[in-house]
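**Q** Let me begin by handing over the structure; questions about it come next.
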Amino acid sequence: MLGIGWALRRRIRSSEDFFLSGRSIPAWIAGLAFISANLGAQEVIGMAASGAKYGIMTSHFYWVGAMPAMVFVGLFMMPFYYGSRARSVPEYLKLRFDEKTRGLNAITFAIMTIFSSGISMYALAKLFELVLGWSFHWSIVLSAVIVLIYIFLGGLTSAIYNEVLQFFLIVLGFLPLVLLGLKDVGGWSGLTAKLATVATNAGFEPGAWSHSWKYMDSPSHNPMGMEWFGLVMGLGFALSFGYWCTDFLVVQRAMAAGSMTAARRTPLIAAVPKMLMPVLVILPGMLAIGLHASRGGFLPIGSDGQPEYNLAIPMLLGHYLPTGLLGLGLTALMASFMSGMAGNVTAFNSVWTYDIYQTHIRPGQTDGHYLRVGHAATVFGILASVAAAYSATRFNNILDMLQLVFSFVNGPLFATFLLGMFWRRTTGHGAFYGLLTGTITAALHYGLTLPRGAVPGIKGGFLGAVLHVYPSEMALNFWTALFAWTGCFVATLLISLLTKRTKTDDELRGLVHSLTPRQRDGDMPWYKRPVTLAVGILVVSTILNIIFW
């Protein structure tokens, strides 16, 4: 990883080289980086933890959430992002709305990336502590230093090429783990038999951990505590579209592509391996909880009396892999954590430099000055991530914490983008105060509700009165996102109707769907066209939903 950063350092001659790779990355590289930027600790440790805690219903993050959203961003939103030549998502908001909307989003996004990077750092330190016996604190310092060096040397280009390398390391490292685990439990049929014990012990029907839709008729019938409407609207719409369509962490990879066509194909190329990721990241968690129920004590018990779901992957690595393969598995985990940290830190330094520092603190400086500021922002982002890593110790499933952060930031932001891109009447005042309303709505909902078994505090209920208790942390997150999206959408709509437009149609050309020329793909072979890829992705994901119904 450090070698890639060193090798690419000579290509970093300007701020655009550092922050957007000079917009020269091939589509397949950008596509793998698009998925790898999301393939950090939250994906590997978090999805495995959710597989243990919620079963196969965790696959909804992929086949109901990610697939439609990645198709949408590829077909409809990338033409606006790439065509506007915006250097970041907040900068697009400035072009579409105004400076105050850009500033608000830049601040909330910067905070979100710090928390996300800290989660990756926490997970890596826990892995080293458990498997290698290293100090938790020194493990955090070591991971911070490595990521700092290779981003500092090579910027986004270094991060992207490292993410591609790490993607293959993750696949090679986790595939043997899954195969050995399935062989040990007697294949899929043996695993479902063990999961039936897990389900009945928890008071559910035997298939609650091995069916994705069958028990979604009522929150009381499944471990996630969700019914189909809340899942489709909260996860499938507000959270997933909010993340994949507006999160600069992943959008930045597509914006670094070499052409408009490559940028549109980037999320679609990424969706192909993405839809198969549950085999590598959810199935291990299901194996771990199955072994925990059938053999007793496989997962350590936390201070809350619940299994430490975050340790599902580390425990499986130590249980199944011999020394040589264990090294490969640990390398894969390290790759995922470094990928997650690097992705968030490179997004953070771009947003801080372009959307906060250049705009509000020191405008009009030289390109070299902003490059130096980007380097400094990288250092600060790493240090802030260290602090955020310690807050993750309060959650037995880091994905619960991550989705909570997303519900506050990405849920309302998607409502702003949806209205801004498809309704030219949306105003800057509407967008700004709509975002504020959505974030405040999320805080009110979170502060007045709790997941079952939690005490008021960091997990909710901090406003005193608890008006509703959700069956799980994830159910609370989904509904928080939906409330945030609805609050932002309604407020933006009403305020836009009551305020005057400040952007003419000419200024909005290329930023609003009805004022943007359609992309023509007639000169491309049919199998390379984005629409063809999109249809194939949606068909296959539908089939997967039916298979695991």
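**Q** Per residue, what accessible area does the chain have, given a 1.4 Å probe and all protein chains present, in Å²?
**A** 35
**Q** Oh, and also: List every residue whose amide H lies under 5 Å from the amide H of Tyr470, counting only residues 5 or more places away in sequence or on a different chain, with H placed 1.01 Å from N in the peptide plane.
**A** Here the answer is Leu450, Arg452, since their amide H atoms fall under 5 Å of that of Tyr470.
**Q** Mind ordering 438-446, 58-66 by average Cβ neighbours within 10 Å, highest first? Don't skip to the answer; put the middle values down first.
**A** Details: 438-446: 21.0, 58-66: 24.4.
Highest to lowest by the protection proxy: 58-66, 438-446.
**Q** When Lys and Arg each count +1 and Asp and Glu each count -1, what net charge do the other residues less than 15 Å away from Lys126, Cβ to Cβ, add up to? Can you show the working numbers first?
**A** Working: positive: Arg394; negative: Glu129, Glu308.
Residues close to Lys126 contribute a combined charge of -1.
**Q** Suppose the chain between Ser220 and Ile301 were pulled fully straight at 0.36 nm per residue; how much longer would it get relative to their current alpha carbon spacing? Let's see the in-between values first.
**A** On the way: separation 81, 0.36 × 81 = 29.16 nm, distance 2.43 nm.
Gain on extension, Ser220 to Ile301, equals 26.7 nm.
**Q** Which whole-number percent of Cα pairs in segment 211-265 have a distance greater than 17 Å? Could you put the intermediate results ahead of the total?
**A** Values: 816 of 1485 pairs.
I get 55 percent for the Cα pairs in segment 211-265 exceeding 17 Å.
**Q** Students often check this: by mean Cβ neighbours within 10 Å, which of 108-118, 500-510 ranks highest, and how do the rest follow? Mind dumping the intermediate values first?
**A** Numbers: 108-118: 24.1, 500-510: 12.6.
In descending order of packing, they fall as 108-118, 500-510.
**Q** Something else now. What nm distance separates the two modelled labels at Val469 and Leu172, each placed 7 Å from Cα along Cα→Cβ?
**A** Simple spin-label model gives 5.0 nm for this pair.
**Q** In the neighborhood of Ser240, defined by Cβ-to-Cβ distances under 15 Å, what is the net charge if each Lys or Arg adds +1 and each Asp or Glu adds -1?
**A** Taking every Cβ under 15 Å from that of Ser240, the sum is -1.
**Q** Provide, for the chain, the number of lysine pairs with alpha carbons under 18 Å apart, each pair being eight or more places apart or on different chains.
**A** On the way: Lys53/Lys194; Lys53/Lys214; Lys53/Lys459; Lys94/Lys500; Lys94/Lys503; Lys100/Lys500; Lys100/Lys503; Lys183/Lys194.
Close lysine pairs under the 18 Å cut-off: 8.
**Q** For the chain, state the average projected area of the convex hull of the C-alpha atoms over all orientations, rounded to one decimal in nm².
**A** Numbers: hull surface 96.3 nm².
Dividing the Cα hull surface by four gives the mean projection, 24.1 nm².
**Q** What whole-number distance in Å separates the alpha-carbon centres of segment 175-199 and segment 425-490?
**A** 37
**Q** Specify, per residue and in Å³, the volume enclosed by the convex hull of the alpha carbon atoms belonging to segment 415-549. Please list the in-between numbers first.
**A** Numbers: hull volume 20.7 nm³, N = 135.
Taking only Cα atoms, segment 415-549 has a hull volume of 153 Å³ per residue.
**Q** Here is a further query. Could you please state, rounded to a whole Å, how far the C-alpha centre of segment 249-300 is from the C-alpha centre of segment 362-392?
**A** Distance between centres, Cα-based: 28 Å.
**Q** Ok, one more. Evaluate the distance, in nm, between pseudo-label points positioned 7 Å from the Cα of Leu497 and of Ile111 along their respective Cα→Cβ axes.
**A** Placing both labels 7 Å beyond Cα along the Cβ direction yields 3.0 nm.
**Q** In nm, give the distance between the simple-model label positions of Thr197 and Met524, each being 7 Å from the Cα along the Cα-to-Cβ direction.
**A** 5.1
**Q** While we're on this one: Return the calculated 222 nm mean residue ellipticity for the chain, to the nearest 500 deg cm²/dmol, obtained by summing -39500 (n - 2.57) across DSSP H runs with n ≥ 4 and dividing by the residue count. Please report the intermediate quantities before stating the final value.
**A** On the way: 23 runs with 354 residues, N = 549.
That calculation yields -21000 deg cm²/dmol at 222 nm.
**Q** Whenever you get a sec, compute what percent of the accessible area on segment 472-549 sits on carbon and sulfur atoms (1.4 Å probe).
**A** Working: 3010 of 4400 Å².
About 68 percent, which is the carbon plus sulfur part of the accessible surface.
**Q** Provide, as a two-decimal number, the C-alpha radius of gyration of segment 205-342 over 2.2 N^0.38 Å, N being how many residues it has. Write out the running numbers ahead of the final one.
**A** Values: Rg = 18.7 Å, N = 138, 2.2 N^0.38 = 14.3 Å.
Relative to the rule-of-thumb radius for its length, segment 205-342 sits at 1.31.
**Q** Please list the equivalent ellipsoid semi-axes of segment 278-419, computed as the square roots of five times the alpha-carbon gyration tensor eigenvalues, in descending order and whole angstrom.
**A** On the way: eigenvalues 297, 75, 37 Å².
Computed over segment 278-419, the values are 39, 19, 14 Å.
**Q** Related question: By average Cβ neighbour count within 10 Å, what is the ranking of 230-238, 409-417 from highest down?
**A** For the peptides 230-238, 409-417, the packing ranking is 409-417, 230-238.
**Q** If r is the Cβ-Cβ distance from Val379 to Trp134 and R0 is 22 Å, what FRET efficiency results, to the nearest 0.05? List each step's numbers first, then the result.
**A** On the way: r = 24 Å, r/R0 = 1.07.
Once the sixth-power term is evaluated, E becomes 0.40.
**Q** How big is the charge dipole of the chain about its Cα centre, in debye rounded to the nearest 20, if each Lys and Arg gets +1 on its Cβ and each Asp and Glu gets -1 on its Cβ?
**A** Values: 36 positive and 24 negative charges, 230 e Å.
Here the size comes out at about 1100 debye.
**Q** Would you be so kind as to identify which of Pro278, Phe462, Met338 lies farthest towards the positive end of the dipole of the chain, taking Lys and Arg as +1 and Asp and Glu as -1 on Cβ and the Cα centre as origin?
**A** Met338
**Q** Could I ask something else about it? Net charge near Ser50, counting Lys/Arg +1 and Asp/Glu -1 over other residues with Cβ under 15 Å of its Cβ?
**A** Numbers: positive: Lys53; negative: Glu43, Glu308, Asp400, Glu473.
Neighbour charge sum, excluding Ser50 itself: -3.
**Q** Take the alpha carbon atoms of segment 45-119, find their center, do the same for segment 309-328, and report the distance between the two centers in whole angstrom.
**A** Cα centres, segment 45-119 to segment 309-328: 31 Å.
The values are calculated or read from the model by the stated rules, or taken from the named source; none is laboratory data. This is a predicted model, so every value here is computed, not measured. No Cβ is skipped: glycine too gets one built from the backbone with ideal geometry, and neighbour counts run over all protein chains shown. Accessible surface is based on the protein model in full, side chains and every heavy atom, while ligands, DNA and RNA are left aside. Shrake-Rupley method; radii C 1.70, N 1.55, O 1.52, S 1.80 Å.
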